[in-house]
Amino acid sequence: MRVEEVFRQGTLTCDATDSIKEVAEKMTADHVGALAVLEDDRITGIISERDVVRAISQDVNPRTTTATTFATHQIETAKFGEETRDVARRMLDAGVRHLPVMQGRMVVGVISMRDLLAIETWL
C-alpha cells in the first residue's frame, strides 16, 4: 500500500512563531498529535505532543515560548508513491510517531503510526 492511500489529508500545520499554548489548542481542536512547523510557507520542523510536554516540564511560559523553540528540526517526511512499509520502518528507526506527507514541495497532510497500524489490522 502507498502513502497517498492512507494518510490524513489536510494541512495540519502551525507557524514557527505560534506559542506552545496555541500549538496545544490546535492539536486539541484538530484531534492530532503533531503539527508541521512552517516558516515562510516552508516546513522547518515538526512539533508533537511530546515536545509540548517537554516544554511544560522545563517550566517555560507557554504563552510566549514559540513552536520553533521545541520543534524537531531534523525531520523525516513521507512522500506520495512511497510504500507504507518503508515509511513504518523509517518511523521505527527514528523513534517518531508522525511524519508530514509531502506532494512535491507542499505539505498535504500527516501519516501516523496509528494510520499504519490500521492498515495491518484491517487488511
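Dipole of segment 3-122 (Lys/Arg Cβ +1, Asp/Glu Cβ -1, origin at the Cα centre): which of Met113, Gln9, Ala29 lies farthest to the positive side?
Met113
Given Cα pairs under 8 Å that are at least 6 residues apart, what percent is the relative contact order of the chain?
33 percent
When each pair of different Cα atoms in the chain is counted once in the 1/r mean, what is the Kirkwood radius in angstroms, to one decimal?
With all distinct Cα pairs of the chain included, I get 14.6 Å.
How many percent of all Cα-Cα pairs in segment 53-123 sit more than 17 Å apart?
Percentage above 17 Å: 54.
So for segment 1-73, considering every pair of alpha-carbon atoms, how many percent are separated by more than 18 Å?
36 percent
Which value at 222 nm does the chain reach when only helices count, each DSSP H run of 4 or more adding -39,500 (n - 2.57), with the total divided by all residues and rounded to the nearest 500 deg cm²/dmol?
-10500 deg cm²/dmol
Every number here is computed from the coordinates shown, using simple stated rules; none is lab data. Here the structure is a predicted model, which means the values were calculated and not measured. Positions of Cβ are backbone-derived with ideal geometry, glycine not excepted, and every protein chain shown enters the neighbour counts.
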